[in-house]
Amino acid sequence: MKRCNLDYMLNERLKLALDEAGLNAFKLSKKVGVSHVAVGQWLKGESINIKGATALKVAEALGVNAEWLL
């Protein structure tokens, strides 16, 4: 994964990680077990909180560190 500025907001980090992983919001939602609406809200910055176990699943699906993601 490319090195990224840690000051990026959650939605920006998600977009970068999705691009690097070759996934889209729908595919991520299926891998993680959340609605595509939830992923869309994360990507738009409408929801800035991904809770514990879900955050770990998202990070794993995207191949990134959960601490970097959040």
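The values are calculated or read from the model by the stated rules, or taken from the named source; none is laboratory data. Please read these numbers as outputs of a predicted model, since none were measured by experiment. Virtual Cβ from ideal backbone geometry, glycine too; neighbours counted across all protein chains shown. Accessible surface areas use protein heavy atoms only, side chains included; no ligands, DNA or RNA. Shrake-Rupley method; radii C 1.70, N 1.55, O 1.52, S 1.80 Å.
Annotations for the structure displayed:
- Ligands, DNA and RNA are left out, and with a 1.4 angstrom probe the accessible area of the chain is 66 Å² per residue.
- If the Kirkwood radius is taken over C-alpha pairs of the chain, then at 4 °C and 1.567 mPa s the Stokes-Einstein diffusion coefficient equals 110 µm²/s.
- Size of charge dipole - the chain - debye, nearest 20, with Cβ of Lys, Arg +1 and Asp, Glu -1, no other charges: 200 debye
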